[in-house]
Amino acid sequence: MSFTHKILLAMAGGIVVGLALGAYEGVPLVDDLVVGGLLSIVGRLFIALLQMMVVPLVLVSLVCGVTSLGNVTALGRLGLTTLALYLTTTAVALTLVLTLAVAVGPGEGFQILEDVVYEPAAAPSVVDVIARIVPSNPVRALADGEMLQIIVFALLLGFAISVSGEAGRRVARLFEDLNEVVTRLVMLVVRTAPVGVFALVARTFATEGLELFKPLAGYALVVIAGLVLQAIFVYSLLLRAAGLSPMPFFAKSRALMAFAFGTSSSNATIPVTLETLERRHGVSGAVASFTVPLGATVNMDGTAIMQGAATVFIANVYGIDLSLGDFVTVVLMATLASIGTAGVPSAGLVMLAMVLQQIGLPVEGIALIIGVDRLLDMLRTAVNVTGDCAVTCVVARRERAIDLDVYADRGAGADPAPAPAAGPPRASVE
Ligand code: ASP
């Protein structure tokens, strides 16, 4: 059985076992020992293992990426194209889901049975997000896992290494060796994924239960339809426009999507996203090491889809009419909000508060959808990560930094075998 099949089986098994365990809710043996004990321990250990590697991997691989790119012009072009594509795909996602939500009208006739309360957590302002991009203390940025700050620090460090002559070459070699070692560590952890994904999915489905969906079926369906359309149509068109066939892309991204589904965190999935892009899709490490950590923070198409659907749902429940201007505001605000949203579970809800406030909708409305958010978070994270991958492939194609034979080969990098000792040379951007 291939690794992808193992992961997909783990996910499906997790859903079935989770729902079965949910039926025995209240039985102490099931609640405390299995769901709250065993599944919780295994799931949390797995997430911790993934998170453990994110900061070292991003720092080391990004420094290597910059030193192998070699020049600032290539980096600037790469940065601008990536950012433009990330923001465009998010704006398209929002336009798509808003159109869908207006057509379906989720929340019309919805009865609010109890008083709902929602205390919005403080969302950072756009000014704060931009002003905090440069870390005053890189060690703190690394310790706190501040992705944008780590990216800026790694870019500057990589640049300084490239212009430091012989000393720079020595440091670059050290980083290349470290990169080899950290990549090997990632491969080791990825091997445990079937168990980890099973535990995470089973625990969520055991505790969340599907009956929560019934009153919110309209809302959940709009979100799910939006996610599916974005993944299947928008990303396919994007890949086709760049001359890449979508088929091998989706076939080889399934395990990654299952990972994102299990962890609900684009950040925790970074090691696997990088691995998938480099080994399975043939993208050069120089490009992926830059676009992936950036995408995990900045590109949230799935989250934007949830926010668009939630805005229309809440407006309908409260009987508030949205004007065309409101819709435009939602597209702009949610696209900007996605830049500041961290790739961690439920981060999208915090930013939703900001979008609702902007167009004068009651923030308490969030309390209505919170019940189904855990499961929708899993699905939208899978789309967030797929979006990062699709854009990366397109950017890499433009930069001639993708091996098209590897991209087309469905079997490429199928098993997370340890990297060869010497490691393949990192392709560079022309
Ligand atoms: N969980 C999402 C992610 O990590 C963010 C969110 O929508 O809550 O990509």
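The values are calculated or read from the model by the stated rules, or taken from the named source; none is laboratory data. Since the model is a prediction, treat every value here as computed from it, not as a measurement. Methodologically, a virtual Cβ is constructed for each residue, glycine included, from the backbone with ideal geometry; neighbour enumeration extends over all protein chains shown. SASA here: full protein model, heavy atoms, side chains in, ligands and nucleic acids out. Shrake-Rupley method; radii C 1.70, N 1.55, O 1.52, S 1.80 Å.
The residues of the stretch 292-311 that are among the hydrophobic types (A, V, I, L, M, F, W, C) and open to solvent by 10 Å² or more (accessible area, probe 1.4 Å) amount to a single one, LEU294.
Close contacts from the stretch 320-348, counting a first residue that is closer than 21 Å to LEU294 by Cβ and free of Cβ contacts under 8 Å to residues at least 60 places away in the same chain and a second that is open to solvent by 40 Å² or more (accessible area, probe 1.4 Å) and away from the ligand (no atom under 11 Å from the Cβ), with Cβ to Cβ under 6 Å and a gap of 6+ residues or different chains, come to MET333/GLN358.
As a summary of the residue check, PRO135 satisfies the conditions (1) in contact (Cβ under 8 Å) with a residue 40 or more places away in the chain; (2) in a loop (DSSP other than H, G, I, E, B) except for the one numbered (1). Evaluating ARG400 against the criteria (1) within 15 Å of the ligand (Cβ to nearest atom); (2) free of Cβ contacts under 8 Å to residues at least 40 places away in the same chain leaves one unmet condition, (1). Number of residues in the stretch 135-151 that are open to solvent by 80 Å² or more (accessible area, probe 1.4 Å) and farther than 13 Å from VAL54 by Cα equals 3. Considering ALA367, ALA414, ALA421, the condition of being assigned to a helix (DSSP H, G or I), open to solvent by 10 Å² or more (accessible area, probe 1.4 Å), away from the ligand (no atom under 13 Å from the Cβ) and at pLDDT below 95 is satisfied by ALA367 alone.
Scanning the stretch 232-273 for residues that are open to solvent by 10 Å² or more (accessible area, probe 1.4 Å) and within 16 Å of the ligand (Cβ to nearest atom) yields MET257, PHE261, ASN267.
So for the stretch 88-96 (the condition being of a type outside the set (D, E, K, R) and at pLDDT below 90), does at least one residue qualify? Checking the stretch 88-96: not a single residue is of a type outside the set (D, E, K, R) and at pLDDT below 90. Selection of the stretch 179-206 for residues being open to solvent by 70 Å² or more (accessible area, probe 1.4 Å) and modelled with pLDDT of 90 or more yields VAL181, VAL195.
Within the stretch 319-336, one or more residues are away from the ligand (no atom under 13 Å from the Cβ) and at positive phi. Would you confirm, using the coordinates I've provided, whether VAL63 is farther than 24 Å from ARG398 by Cα and among the aliphatic types (A, V, I, L, M)? The answer is no for VAL63. The criterion of at least 3 residues that are over 25 Å from HIS281 (Cβ atoms) is met by the following helices (runs of 4 or more DSSP H) wholly inside the stretch 179-255: 193-208, 217-229. Looking only at residues in the stretch 322-350 that are surrounded by 19 or more Cβ atoms within 10 Å (Cβ to Cβ) and among the polar types (S, T, N, Q), the one that is modelled with the highest pLDDT is THR335. From GLY325, GLY295, GLY319, grab the single residue that is within 20 Å of LEU148 (Cβ to Cβ) and of a type in the set (Gly, Ala, Ser). Matching residue, one of GLY325, GLY295, GLY319: GLY295.
The residue that is most open to solvent (accessible area, probe 1.4 Å), counting only those in the stretch 1-18 that are closer than 11 Å to VAL201 by Cα and free of Cβ contacts under 8 Å to residues at least 40 places away in the same chain, is VAL16. On the basis of being away from the ligand (no atom under 16 Å from the Cβ) and touching a residue at least 40 places away in the same chain (Cβ under 8 Å), does THR204 make the cut? Judged against the criteria, THR204 is not a match.
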